Amino acid sequence: MAELLLELFSEEIPARMQPRAREDLGRLLGDKLKGAGLDFERVKTFATPRRLTAVVDGLPKRSPDISEERKGPRVGAPEQAISGFLKSAGLKSIDQAEVREDKKGSFYVAMLEKPGRETADVIAEIVPEIVRNFPWPKAMRWGAGKLRWVRPLHSVLCIFDGKVVEFEIDIESGNRTRGHRFMAPKAFTVKSFRDYAAKLKDAFVILDSDERAELILKTAHKLAEKEGLTLVEDEALLAENAGLTEWPVPLIGAFDEDFLSVPPEVLATSMKAHQKCFSLKKGEELANRFMLIANLKAEDRGRAITQGNERVIAARLADAKFFYEQDRKGSLEDWVPKLKEITFHEKLGSQYERVQRIFHLAREIAPLVGADPDLAERAAILAKSDLVSDMVGEFPELQGVMGRYYALDQKENPSVADAIAAHYKPVGPTDDVPRAPIAIAVALADKLDTLVGFWAIDEKPTGSKDPYALRRAALGVIRIILENGNKIHLFPLLHNLMGAWKASFIVDGASLEAAAMALAKKRDPGTEVDVAWYKARTLLDFFVDRLKVHLRDQGARHDLVDAVFALGGDDLLMIVARVDALGRFLETEDGKHLLAGAKRAMNILRIEEKKDGRSFDEAPDPALLEQPQEKALAKAVDEVEKAAASAVENEDFEAAMGAMALLREPVDAFFDSVTVNADDPKLRENRLRLLNRIRATTQTVADFSKIAG
């Protein structure tokens, strides 16, 4: 087995593009090799600012010979069919094909032999194809060549089994590369990946981005501690600096203490956005120092680099301070009308129109989450005002954060100010959710308004596409409700909100009405429906799907989630509690035995209902209960159903599962002693009715038919 080493050496690749480029190179190279019949042990990829590298281990030196049988037309088929078969199989005459027999008669078979190829020849074909069609988000041409690459490509290193694989892509392949741009710019030859990685390190290039990130973090912390400071870690900034450097060297710079009068989030964001620098703390407060990551070890210990960064940061922080001081001359309340100038979506209106909807909804939600309605309304009215501020115009990621500072500066209630900052949360799966009642009310109102609006105009997520982050918004609602223990019935809220959007429904009315009626007949027979009801129902289904994903990510069994969801409901907190209780119950012996008995009852019912073309929903006739076991079961299901229903009504799902456990023995005894399909048709029907009672009783807590086991 042999090794393939490929390096594409260019001008600086943007840091944000490097992770995806590594994935694409590994995927494309692996797929092409497999497509050529070449198996391998693994593909590993690397990226630095100036190179994209792949190493493939365990490649054979030659692809295997392949024998293939290709079935053709029947003997005696039309000439056109036979000619097509010969052409596709590469045969000159039908005499070269074999004749085989099957039940339908004789047919032709072509025996195709494909000899293997030298792996080096395969590589020489696939690498140029990969390079020419590489899926960069943006690519460029340079000079007189036709090749497009993210930045000008200078050299291609391609070695298989210690030898150069020769090909040309405007540039001839070879075995030479270069080290660090400034500290080791001379070219050198390599003969294997081990040799390549070692010589790169000697030439001041750390190939592995994870190793560079680890080195940055370790040396930055050490340098900060030496100065009595603490590094403010930032995972995204760390990854970006690892992508900007081949030989990272942390350095500490300083800025004027006067800038500390500006909120620390502004200083940190400005230094991060403009100079890719980390913030430093002195105790719990932001220090007037910063950590930059240089891409070389300078002879003057980085003094010139540090001073250059200090000059740029001083100018940027001066701009930030100016924006902050200018913003403080206005007020959040005065900025509200200016939101009319910011379009949220062409079909959903401006941010000002959103605010009008959100503050009404926040007031409605407030009592449900224990918030003061007046304060929730006030927070919602001001929540988007900072979008028109100079600071958020410069740093959009500070929306909400700046609103809080300006609200406190203008003597708003602290809970209102905190809600302005927190209402965007959670912004990701690991971000914390709002915890204060007013913030919860505004955050829910904001996200529900977004979801209902886009649902109304039929801008829903499709497949992997979710341009308006509606899945994230739905998950945010779910997490806020669950993690704060809020009991909220979602459907009435969604239905009322959707009703306000009737004029914006853009799907053909007649077909939508028909769909609404069909869904109502299936879900809520007898319900008087309209299009708003239908859209609210489909949005609730979207919440259900997101909750399923969330619970599965938390480790819940998917079948238990499906079993509880089958019963419907829109109280997410209650649904999750039921799933948890069901999971614990089914881990007990009583739960396992009852599940087996219930599924046996449902299987028999399904078969017999299909056979008879009817259901057995009627109550069993007590006069036809002959054996003690069926009498005991009939009594048990009545008692258990009442007890379980009462427990469910009180949302005591542990008690409901405890009641279900009482069914285990009578169900087991019934199946051990009673023949369901008795010869007497009346006895058979009565016993099937009794099985239906088992099914109905277990459905008090879950649909057992959806549970595996």
Considering each residue of the stretch 263-285, count those that are farther than 16 Å from Ala318 by Cα, surrounded by fewer than 20 Cβ atoms within 10 Å (Cβ to Cβ) and more than 30 Å from the chain's Cα centre (by Cα), and give that number. 5
Within the stretch 177-198, considering residues that are within 25 Å of Ala2 (Cβ to Cβ) and among the aliphatic types (A, V, I, L, M), the one farthest from the chain's Cα centre (by Cα): Ala187
Would you mind telling me which numbered condition in (1) at pLDDT below 85; (2) open to solvent by less than 30 Å² (accessible area, probe 1.4 Å) Ala47 fails? (1)
Suppose the filter is under 12 Å from Thr698 (Cβ atoms) and either open to solvent by less than 50 Å² (accessible area, probe 1.4 Å) or not in a helix (DSSP H, G or I) (or both); does Ala634 pass it? no
Phe653 is checked against (1) touching a residue at least 60 places away in the same chain (Cβ under 8 Å); (2) within 40 Å of the chain's Cα centre (by Cα); (3) open to solvent by 50 Å² or more (accessible area, probe 1.4 Å) and fails just one. What number does that condition carry? (3)
Looking at the stretch 581-631 only, could you name the residues that are part of a loop (DSSP other than H, G, I, E, B) and either in contact with a strand residue (DSSP E or B) (Cβ under 8 Å, 6 or more places away or on another chain) or surrounded by fewer than 15 Cβ atoms within 10 Å (Cβ to Cβ) (or both)? Glu587, Thr588, Gly613, Arg614, Ser615, Asp617, Glu618, Ala619, Asp621, Glu626
Inside the stretch 240-262, can you point out the residues that are surrounded by fewer than 19 Cβ atoms within 10 Å (Cβ to Cβ) and small (Gly, Ala, Ser)? Ala254, Ser261
Residues located in the stretch 526-546, provided they are of a type outside the set (Phe, Trp, Tyr) and open to solvent by 40 Å² or more (accessible area, probe 1.4 Å): Gly526, Thr527, Glu528, Asp530, Arg537, Asp541, Asp545, Arg546
Filter the stretch 130-165 for residues that are of a type in the set (D, E, K, R) and exposed (fewer than 13 other Cβ atoms within 10 Å of the Cβ); the one that is nearest to the chain's Cα centre (by Cα) is Lys138
Of those in the stretch 340-358 that are surrounded by 18 or more Cβ atoms within 10 Å (Cβ to Cβ) and aliphatic (A, V, I, L, M), the residue nearest to Trp501 (Cα to Cα) is Leu348
Taking the stretch 659-681 on its own, how many of its residues are assigned to a helix (DSSP H, G or I), free of Cβ contacts under 8 Å to residues at least 60 places away in the same chain, open to solvent by 30 Å² or more (accessible area, probe 1.4 Å) and of a type outside the set (Ser, Thr, Tyr)? 4
Over the stretch 547-574, the set of residues surrounded by fewer than 19 Cβ atoms within 10 Å (Cβ to Cβ) and assigned to a helix (DSSP H, G or I) is Lys548, Val549, Arg552, Asp553, His558, Asp559, Asp562, Leu573, Met574
Search the stretch 1-53 for residues being of a type outside the set (D, E, K, R), within 30 Å of the chain's Cα centre (by Cα) and in a loop (DSSP other than H, G, I, E, B), and hand back the single one that is farthest from Ser173 (Cα to Cα). Pro14
Can you run down the residue pairs with Cβ atoms below 8 Å, 6 or more apart or on separate chains, where the first is in the stretch 71-99 and more than 14 Å from Leu112 (Cα to Cα) and the partner is open to solvent by 80 Å² or more (accessible area, probe 1.4 Å) and modelled with pLDDT of 85 or more? Val75/Val99
Taking the residues in the stretch 84-110 that are of a type in the set (Gly, Ala, Ser), assigned to a helix (DSSP H, G or I) and open to solvent by 30 Å² or more (accessible area, probe 1.4 Å) as candidates, determine which candidate is nearest to Asp161 (Cα to Cα). Ser88
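The values are calculated or read from the model by the stated rules, or taken from the named source; none is laboratory data. Every value quoted in this text rests on a predicted model; they were computed, and no experiment measured them. Methodologically, a virtual Cβ is constructed for each residue, glycine included, from the backbone with ideal geometry; neighbour enumeration extends over all protein chains shown. Remember, those area values only see protein heavy atoms, side chains included, never the ligands or the DNA or RNA. Shrake-Rupley method; radii C 1.70, N 1.55, O 1.52, S 1.80 Å.
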